[in-house]
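The values are calculated or read from the model by the stated rules, or taken from the named source; none is laboratory data. Small disclaimer: the values here were computed from a predicted structure and weren't measured. Quick reminder, even Gly has a Cβ in these numbers, built from the backbone with ideal geometry, and neighbours come from all protein chains shown.
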Amino acid sequence: MIESDVKLMETAISELDPNLKIPITYLTLNKKTSVKLFYEDSNELSNCPPGTVIQDEITCENQKDFYLISQKTTQGVAQPTHYYITFDNKGVDQKDIHTLVYRLCYLYYNWTGAVKIPAPCQNVKKLIRLITEKCSDRNNTTIPSERLYKNLKSLYYL
């Protein structure tokens, strides 16, 4: 599935400019993991600080994956997000990917600090929720295009 998505992106880019070669790195994430991470300092356990990246010991050896704790946790245990680099045709340095993902967690417009997942993913999640609320009908499972356009006129986003 990912290879077909990448081929579609490469086809769309080549239609714009056949000489243009854009590197593509495809990431997927899982924010609901059962992994709990702690930081030990002077024989005391506490939550890991924001920006902690784990890519040894608990990750797969044959895959490019990592865990990232992006937000500060003041209550409970910090739960990391698991990221998978599923496609990379450029060979981007993993430290650059870690930095980019961590910085994107600070760009969510509705919160002053870091959020658990990067802002583009959070925005998509919010947009999907808004569209389903506006377009859902309990009696009708299919949505005619006229009704969809009518409801989207009142859809607000960003």
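Yes or no: Thr59 touching a helix residue (DSSP H, G or I) at 6+ places or on another chain (Cβ under 8 Å) and among the polar types (S, T, N, Q)? Break it down stepwise before answering.
Numbers: touching a helix residue (DSSP H, G or I) at 6+ places or on another chain (Cβ under 8 Å): no; among the polar types (S, T, N, Q): yes.
No.
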Could you give every pair whose Cβ atoms fall below 7 Å, whose first residue belongs to region 1-28 and is in contact (Cβ under 8 Å) with a residue 24 or more places away in the chain, and whose second residue is surrounded by 10 or more Cβ atoms within 10 Å (Cβ to Cβ) and in a loop (DSSP other than H, G, I, E, B), counting only separations of at least 6 or pairs across chains? Val6/Ile24; Pro23/Asn89; Pro23/Lys90; Ile24/Asn89; Thr25/Lys90; Thr25/Val92
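With respect to Pro50, determine if the residue is within 14 Å of the chain's Cα centre (by Cα) and modelled with pLDDT of 85 or more.
Numbers: within 14 Å of the chain's Cα centre (by Cα): no; modelled with pLDDT of 85 or more: yes.
No.
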Taking the condition surrounded by 10 or more Cβ atoms within 10 Å (Cβ to Cβ) and touching a Leu at 6+ places or on another chain (Cβ under 6 Å), does Val35 pass? no
Looking only at region 93-111, which residues are of a type in the set (A, V, I, L, M, F, W, C) and either assigned to a helix (DSSP H, G or I) or free of Cβ contacts under 8 Å to residues at least 12 places away in the same chain (or both)? Ile97, Leu100, Val101, Leu104, Trp111
